[in-house]
Amino acid sequence: MKSVRHGRGRTRESPPAASSRLPVTAAQPSPFHPSKRFGQNFLIDKQVANRIVSALGPRNDETIIEIGPGKGALTTQLIALADRVVAIEFDRQLIPVLADKFSGHNNFKLVEADALTTDFCAQILPARSARVVANLPYNISTAILQRLIEQRNCVTEMVLMLQREVVDRITAAPGSTERGFLTVLVEAYCEIEKLFDVAPGAFRPAPKVWSSVIRLRPHPEMLADVSDENLLRLVVSAGFAQRRKTMLNNLRNAPSPLQERLKAHGGASIVLCLAEVELQRRAETLTLGEWTRITRALE
């Protein structure tokens with residue numbers, strides 16, 4: 001989707017609702033050419049833009065972070081509804097486009113930065129918290145999502161457009177072949193709600209796959225009751241390393257330093273027994289509670 005490496009109106013009209021799979025009502029083309037390098041697919045469907053903003057529901061007393069504003073498909077509405085909009089854009093060719101279009105609004109802050117390394121909590125100051133809206137590029141959406149989770153102390157909600165395949169993984173239940181590392185990570189930190197699907201024709205250039213919009217709300221406390229969050233990530237990553245293998249085999253072949261931790265606790269089979277997880281289970285069948293017990297057995 002758009003790159004992410006990348007006055008104050010007070011309109012109160014709510015964006016119109018739309019059906020779950022929306023028809024395309026394209027805007028006029030722009031001379032700016034999307035970058036393949038940045039994985040840019042600009043949103044051009046006004047109905048989809050309206051529905052994303054409606055799902056977010058910006059308030060006039062809050063700060064909104066927009067990651068990868070692109071050419072401003074969402075930005076105009078966000079500026080009109082929110083107290084302040086902080087837009088993070090990596091593509092330097094888009095910076096003058098956005099500055100020219102929105103710099104006259106005193107509640108708009110444009111930051112040329114890479115969302116993978118941006119300190120969102122610092123960028124929103126003096127506000128202490130903000131909600132995020134983003135149309136994320138397919139090629140780095142998972143990495144940005146992990147970055148946002150890391151900064152959940154100031155990010156209270158995310159409304160994100162992602163590749164539908166990624167959303168299917170995030171929402172996959174135990175036993176589903178779609179379940180993976182990202183599923184467990186997001187489940188541990190966030191409340192998850194899939195909102196609607198978006199057809200390829202809503203973008204220019206049109207991607208080859210569907211997209212989905214999802215809402216994530218960070219839990220006040222991580223649901224996995226572990227003292228070492230990094231250890232949980234190492235365990236889950238090792239468990240999904242080779243999906244067709246059992247948990248026992250994957251943990252036996254875990255990389256260092258996890259392998260050393262396993263050996264210090266009697267080996268993979270002992271750890272799984274302590275966690276009350278059958279040795280021949282596969283990672284995709286485990287619940288968050290079972291991943292938590294394995295991690296706690298290693299602490």
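The values are calculated or read from the model by the stated rules, or taken from the named source; none is laboratory data. From a predicted model like this one, the values you see are computed outputs, not experimental measurements. Note that we place each Cβ from the backbone using ideal geometry, even for glycine, and neighbour counts take in every protein chain shown. Accessible surface areas use protein heavy atoms only, side chains included; no ligands, DNA or RNA. Shrake-Rupley method; radii C 1.70, N 1.55, O 1.52, S 1.80 Å.
Things to note:
- Computed lengthening from E150 to N249, 0.36 nm per intervening residue step minus Cα-Cα distance: 32.6 nm
- Spin-label pair R92/D119, simplified geometry with 7 Å Cα→Cβ offset, distance in nm: 2.3
- Net charge of Cβ neighbours under 13 Å - reference R215; Lys, Arg +1; Asp, Glu -1: +1
- In the full protein context, segment 180-287 carries 49 Å² of accessible surface per residue, based on a 1.4 Å probe and ignoring ligands, DNA and RNA.
- Distance between modelled label sites at Q280 and H219, nm, 7 Å Cα→Cβ extension: 3.1
- Check: segment 103-246 dipole with +1 on Lys, Arg Cβ and -1 on Asp, Glu Cβ, in debye: 420
- Per-residue ellipticity at 222 nm from helix content only, as computed over the chain with -39500 (n - 2.57) for each DSSP H run of at least four residues, stands at -9000 deg cm²/dmol.
- Charged-residue dipole, Cβ positions (Lys, Arg, Asp, Glu), the chain about Cα centre, Debye nearest 20: 760
- Considering only L98, L232, T117, and ranking their Cα positions along the charge dipole of the chain that arises from unit charges at the beta-carbon of Lys, Arg, Asp and Glu, the one farthest toward the positive end is L98.
- Normalised by 2.2 N^0.38 Å, with N the number of residues, the alpha-carbon radius of gyration of segment 107-244 equals 1.10.
- Alpha-carbon spread of segment 144-193, three principal axes, descending order, Å: 33, 20, 17
- Within the chain, C190, C273 have no other Cys Cβ under 4.7 Å of their Cβ and so lack a disulfide-compatible partner by this rule.
- Sequence-distant residues sharing a close amide H with A113 (under 5 Å, placed H): E89, F90
- Computed from backbone phi with θ = phi - 60° and the Karplus coefficients 6.51, -1.76 and 1.60, the 3J(HN,Hα) list for segment 128-136 is 9, 8, 7, 10, 10, 10, 7, 10, 7 Hz; x is used for glycine and proline.
- In the chain, lysine pairs closer than 28 Å at Cα, eight or more apart or cross-chain: 25
- Relative contact order (percent, whole number), segment 53-145, Cα cutoff 8 Å, 6+ residue spacing: 33
- At q = 0.22 Å⁻¹, base-10 log of I(q)/I(0) for segment 187-280 (Debye sum, equal scatterers on each alpha carbon): -1.05
- Pairs of Cα atoms nearer than 8 Å and 6+ residues apart set the relative contact order; for segment 87-236 it is 19 percent.
- The value obtained for the chain, namely the Cα convex hull volume divided by the number of residues, is 131 Å³ per residue.
- Probe 1.4 Å, all protein chains present, accessible-area order of C121, C190, largest first: C121, C190
- With the convex hull of the Cα atoms taken as the outline of segment 102-155, the averaged projected area works out to 4.2 nm².
- Accessible area of segment 141-279 belonging to carbon and sulfur atoms, whole % at 1.4 Å probe: 47
- A crude spin-label estimate for the pair E178 and I192, with each label 7 Å from Cα along the Cβ direction, gives 0.9 nm.
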